[in-house]
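Below you'll find the structure, written out as structure tokens, and then a few comments.
No value in this document is a laboratory result; all are computed from the given coordinates. Just so you know, these numbers come straight off a predicted model, no measurement behind them. Don't worry about glycine lacking a Cβ; one is built from the backbone with ideal geometry, like all the others, and counts go over all protein chains shown.
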Amino acid sequence: MTACSTSTHTVQWHARPEQEPTAPTEPAWSVEAVQGLLDKPFMDLLFQAQSVHREHWPAGEIELATLLSVKTGGCPENCGYCPQSAEFETGVKAEKLMSVQEVTRAAQAAKDAGATRFCMGAAWRAPKDRDIEKMNELIGAVKGLGLQTCATLGMLQPHQAQSLREAGLDYYNHNLDTAPEYYRDVVSTRQYQDRLDTLQAVRDAGISVCCGGIIGMGEEVVHRAGLIAQLANMDPYPESVPINSLVRVPGTPLADSEPVDPLDFVRVIAVARITMPKARVRLSAGRQQLGEAVQTLCFMAGANSIFYGDKLLVTGNPDVEADTTLMRKLGLHGLRASVAG
Ligand code: SF4
């Protein structure tokens with residue numbers, strides 16, 4: 001994953017009173033401008049995205065990412081897409097935090113398989129300080145193996161982000177999911193601003209940001225544009241941008257959502273690439289349902305990271321052999337990493 005140290009965006013995306021500019025500046029990307037990209041003729045959009053991609057990234061290189069759920073299920077939040085919420089009957093059982101030994105074993109196996117980074121996901125609304133202490137132990141153990149570390153733990157207080165950083169955390173995943181205007185249709189147990197506050201705390205602590213969203217939750221095109229504008233206007237924008245296609249898990253409120261048109265999903269990938277040229281754009285959840293041809297279009301549109309392995313937290317993912325075969329067919333080569341998103 002490459003840090004976007006050369007971002008030219010100048011707008012403070014999460015304005016804090018003491019940092020308000022004296023004269024308002026235009027956002028780098030208005031929602032209208034992003035929607036204009038989403039509405040472009042498909043081939044023009046793909047050509048533009050591929051051109052931007054080749055300008056900033058080696059052609060044919062795909063980051064292979066894996067993710068370990070260190071604390072599964074029983075989450076008090078009600079994210080409408082998530083089988084780990086305690087509010088929904090999805091068959092996911094609540095488990096306690098894995099031990100240092102278990103996580104170290106998994107991290108060692110990931111390293112042996114070529115991983116350079118190891119991500120730990122925990123289904124918490126917001127970790128308590130004692131949870132952070134335990135996570136710090138896990139982070140220290142993973143770091144001790146010579147791996148980069150990444151975590152996704154829910155909302156953080158600034159002192160918690162600082163503590164994680166001091167323990168050796170390199171990356172933090174925290175998705176915005178959708179546009180601010182559509183957020184209440186997806187989750188009601190927290191506010192959009194809570195997400196922005198955590199992302200700011202992560203940035204302020206010096207941790208790199210992994211942040212993206214989900215397509216196919218019943219949102220309009222303007223909401224997709226709103227999500228991308230939010231991400232692209234962060235200063236700097238996230239180093240890593242996971243774009244998920246909703247996995248409609250039975251028992252979740254969004255289980256009956258209309259399936260997203262695959263070409264519209266490709267459009268979102270392309271627009272993420274154009275607006276955030278130096279971010280890793282990660283083809284994340286829902287890849288299993290896209291099939292080879294649509295995944296190929298996503299790579300063409302600038303996706304340069306995928307989740308690798310047969311499980312993504314608690315939902316399915318294409319198996320390793322299928323991925324290897326597709327990459328061979330396309331002449332792509334993998335860059336191994338274990339990251340969140
Ligand atoms: S997405 Fe995260 S915060 Fe939301 S219910 Fe699932 S585990 Fe909890």
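Residues whose amide H lies under 5 Å from that of Asn175, counting only those 5 or more places away or on a different chain, are Gly212; hydrogens are built 1.01 Å from N in the peptide plane. Among 255-263, 239-247, sorting by the average number of other beta carbon atoms lying within 10 angstrom of each residue, highest first, gives 239-247, 255-263.
Between the stretch 36-59 and the stretch 228-301, how far is it from one alpha carbon centroid to the other, in angstrom? Their Cα centres are 15 Å away from one another.
The residues neighbouring Tyr182, those whose beta-carbon lies less than 11 Å from its own, together hold a net charge of -3 under the Lys/Arg +1, Asp/Glu -1 convention.
The Cα atoms of the chain give a gyration tensor whose axes a ≥ b ≥ c have a/c under 1.5, which makes the shape rounded.
Bridgeable lysines around Lys93 (alpha carbons under 25 Å apart, same-chain partners fewer than 8 residues away excluded): Lys71, Lys128, Lys134, Lys311. Name the residue farthest towards the positive end of the dipole of the chain from the options Ser30, Phe265, Val241, assuming +1 on Cβ of Lys and Arg, -1 on Cβ of Asp and Glu, about the Cα centre. My answer, from the dipole projection, is Val241.
Classify the stretch 102-229: rounded, prolate or oblate, from the alpha-carbon gyration tensor (a ≥ b ≥ c, eigenvalue square roots; a/c under 1.5 rounded; otherwise prolate if a/b is larger than b/c)? It comes out prolate by the Cα gyration axes. For the stretch 168-217 versus the stretch 106-163, the spacing of their alpha-carbon centroids is 17 Å. Using the Cβ of His223 as centre and a radius below 11 Å, the other residues enclosed give a net charge of -4, where K and R count +1 and D and E count -1. Under the criterion of Cα pairs below 8 Å and six or more residues apart, the relative contact order for the stretch 30-336 equals 24 percent.
Only Cα pairs under 8 Å and 6+ residues apart enter the sum, and on that basis the relative contact order of the stretch 163-207 stands at 54 percent.
Residues in the stretch 35-47 carry Karplus couplings, in order, of 5, x, 5, 4, 8, 5, x, 3, 5, 5, 5, 5, 5 Hz; the curve used is 6.51 cos²θ - 1.76 cosθ + 1.60 with θ = phi - 60°, and Gly or Pro positions show x. Only helices enter the 222 nm calculation for the chain: every DSSP H run of n ≥ 4 contributes -39,500 (n - 2.57), and dividing by all residues gives -11000 deg cm²/dmol, rounded to 500. Each other residue within a Cβ distance under 12 Å of Ile132 adds +1 if Lys or Arg and -1 if Asp or Glu, for a net charge of -1.
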